[in-house]
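Here the structure comes first, spelled out in structure tokens, and everything after it is commentary.
The values are calculated or read from the model by the stated rules, or taken from the named source; none is laboratory data. Because the structure is predicted, anything quoted here is derived from the model rather than measured. Backbone-built Cβ (ideal geometry, glycine too); neighbour counts: all protein chains shown. For accessibility, only protein heavy atoms count, side chains too; no ligands or nucleic acids. Shrake-Rupley method; radii C 1.70, N 1.55, O 1.52, S 1.80 Å.
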Amino acid sequence: MPPRGNLSAVRTRSAARSLSARAHAQAHAPRSFLALGVQGPLSLRSQPSHSRPFWASPTRASTGSSSAGKPGEEPLPPLPPRRWIAELRARIGKCIIFGCDNQQISRAAAVLRALALEWKGLLAGSDGFLTGGRRGLDGQKIAWGEMDSFGHVNNVNYYRYAESARVNWITNFAVHVDPAHRQEWSELMSPKATGLIMRSLKADFKFPMVYPDQISVYHKLRSRPEGNPAPSAFTLDCIVLSHQHQRIAARLEEDIVVYDYKAARKTGMPGFMLDLFHETYRLQEEETFKARTRIWELINMVDRLEKETWDRDDAVEDVGTAKAST
């Protein structure tokens, strides 16, 4: 049995463990929304109204620059902090350890659930990458044999991941987006008529991945194809996401040329390709705005939780007291 002077600290730690367990259970258990003590759908979007966007505060302005939108449109939210997923989890943990009531625990669980279910779409989408469907590689398992003698995934494999995702990106246009030009899209990956040639491929490795892990790999157009005549080249950006770390493990840059194999020279983009690339770039811009807005909603929710717990003016943490025995 602990000394009497430490009973308060023991109670505090026990309460913190209990609250943490309750938050974890509410974040993962398939309960109804009312069972979590909230009214209606478990959403983090119901924020107090502000006279300006919730992310446009002095403390947030330094995390990234926002681009001005078109007249009458909201400006693009800035990029979130680089490690925003891990940071939000750590901040929520601090709030729970300090002490939360039932309503605060429900809100913390909602944020944790959002991070668990939405992290991939938000992380990729905040940088303009479209996910879902068959746009790339989604949830592919890393094989043990892909590691080298240094104990991490060999660098060559990242180029293979990007290649497979790029083929799926083109195939998705042929099969699901523009089936009217299915044959033309398919021929882009063969030396029959008009095809695509890789002019250069660069990789920026962020951290070493190891087995076991899963990856998702996505592509996006770096810029909107413009010009008359149509451009004969374009650049694709690619990201390799680690599911275990919920981070970008590598970024790749692909410089691609449109090539006429019959004439043996580069040529302009075909009309069907140019039209669909314009639409794809528009969707990328929409996804960027949507994902960044959602991320800043989550960040704002955690800001509020902190202000109600350890960061409030009258906050006092009970760390226990020890009195001299008589």
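Counting every pair of alpha carbons in the range 169-267, the share spaced more than 23 Å apart comes to 39 percent. Listed by chain and number, the lysines whose C-alpha is less than 30 Å from the C-alpha of LYS202, apart from same-chain residues fewer than 8 away, are LYS120, LYS141, LYS192, LYS220, LYS262, LYS266, LYS290. For the range 158-287, the carbon plus sulfur part of the accessible surface works out to 48%, probe radius 1.4 Å.
Listed by chain and number, the lysines whose C-alpha is less than 18 Å from the C-alpha of LYS94, apart from same-chain residues fewer than 8 away, are LYS307.
Below 8 Å between Cα atoms, with a sequence gap of 6+, how large is the relative contact order for the range 172-326 in percent? So the answer I get is 20 percent. A protection proxy built from the mean count of other Cβ atoms within 10 Å ranks the segments 233-241, 251-259, most packed first, as 233-241, 251-259. Per-residue surface analysis assigns ILE85 an accessible area of about 10 Å², computed on protein heavy atoms at 1.4 Å probe radius. Between the beta carbons of LYS307 and ASP255, assuming R0 = 56 Å, the FRET efficiency works out to 0.75 to the nearest 0.05.
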